[in-house]
Amino acid sequence: MKRVLLLGASGLIAPHMIPLLEPHYELVLGDIKAHPQGRAVEPVDITVYEQVLAAARGVDAILNCTVNRGDPVQSFRVNVNGCFHVLRAAVELGIRKVVHTGPQQVWPEYHHFHDVDDPPGRGGPGYYGYTKTMSLQLCQAYAREHGLQVVCFLYCHLGAAPTERQVARDFHPFSVVWEDVVEACRLAIEMEQVPGNYQSFNLHSHPGHGKYRLDKAARILGFRPQLPLEELYRRPLTPPPPA
């Protein structure tokens, strides 16, 4: 069983992933705050290289789910410097696989298009998007120069799968459920050779809308949405009253 360092283990994303990852990997959980469900977490401040390096010793892969959006100083330290620390530690320790995360870079720039698969990414004018775009550039540079195998997943609207039929409302086109987030990460960790050493994927769970395709993720990772979410759109029609 591979040993995986999961950074940001107490944040908004990772606690939902941990139970689904545990059957596949021995997880080392790292964060600066306590886990919301009381799990044991190693104190790791991603802005401090020595702490990242110490936590990464003896692992086979690093999954970085850390993020800071609002603070103009900390967002750079976490999103950019933190990513740099992860990549630097991977090189120093001989860890080949890094899985990085960030916001999707397709919607809303291509809001009026359909069949969008893998267009050039656009971080947008916001500071958060800008810092995450810089982290993707770092990932590409380290993959190119050091042979790291890096996969970046770009998300929006993460959450649990709906449990009831959706009536008179729609899903966001980039909604992605936890089962698909974990499946994509598992496929990335298990991939022996990443084409070009680096690949990024805009990921979601709703290919039925036909706007943003998953062809690249299917072709390279073998990714398919895990749940038949189209069933949640189906509901019996009420016949009109007799004339």
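No value in this document is a laboratory result; all are computed from the given coordinates. Since the model is a prediction, treat every value here as computed from it, not as a measurement. Quick reminder, even Gly has a Cβ in these numbers, built from the backbone with ideal geometry, and neighbours come from all protein chains shown.
Here are the numbers:
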read-out	value
Hits in the stretch 123-151 - residues which are loosely packed, with under 14 Cβ neighbours inside 10 Å and in a loop (DSSP other than H, G, I, E, B)	Pro125, Gly126, Gly147
Qualifying residues in the stretch 1-25 (those that are hydrophobic (A, V, I, L, M, F, W, C) and over 15 Å from Trp178 (Cα atoms)) - the one surrounded by the fewest Cβ atoms within 10 Å (Cβ to Cβ)	Met1
Test set (1) touching a Leu at 6+ places or on another chain (Cβ under 7 Å); (2) in a helix (DSSP H, G or I) - Ala54 fails condition number	(1)
Residue list for the stretch 10-35, filter: within 20 Å of the chain's Cα centre (by Cα) and part of a loop (DSSP other than H, G, I, E, B)	Ser10, Gly11, Leu12, Ile13, Glu22, Pro23, His24, Tyr25, Ile32, His35
Residues satisfying the stated conditions in the stretch 81-95, i.e. buried (at least 24 other Cβ atoms within 10 Å of the Cβ) and closer than 16 Å to Tyr198 by Cα	Cys83, Val86, Leu87, Ala90
Residue under evaluation Val98, criteria (1) under 20 Å from Ser175 (Cα atoms); (2) crowded, with 19+ Cβ neighbours inside 10 Å, criterion not met	(1)
Tally, over the stretch 56-76, of residues that are free of Cβ contacts under 8 Å to residues at least 60 places away in the same chain, surrounded by 21 or more Cβ atoms within 10 Å (Cβ to Cβ) and more than 21 Å from Tyr130 (Cα to Cα)	3
